[in-house]
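First the structure, in the form of structure tokens, and then the observations on it.
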């Protein structure tokens, strides 16, 4: 995922990001299935999908933390 794509996803809502994650997880499932039956030629695609899903999940987490900070609620760290 390129930096300009990440910037676009930062501006979108959590629901839109969740929909994209679901789509990517479905595609990842199909790629893994192709890998198991021996049809997959581009093995790096699996790694790229997993990486992009992780990036989108990180963006969701950032949005949740930013929302908590805006409301004046900060999480306490447990010792």
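Rule-based calculations on the coordinates, nothing more; no lab input. Since this is a predicted model, take the numbers as computed values, not measurements. With ideal geometry, Cβ positions are generated from the backbone for all residues, glycine too; neighbour counts draw on all protein chains shown.
Identify all residues within segment 30-44 that are exposed (fewer than 10 other Cβ atoms within 10 Å of the Cβ) and in a helix (DSSP H, G or I); write none if there are none.
Within segment 30-44, 36, 37, 44 qualify.
Suppose we filter segment 3-13 for residues that are surrounded by 13 or more Cβ atoms within 10 Å (Cβ to Cβ) and either in contact (Cβ under 8 Å) with a residue 12 or more places away in the chain or touching a strand residue (DSSP E or B) at 6+ places or on another chain (Cβ under 7 Å) (or both); how many remain?
Number of matching residues: 2.
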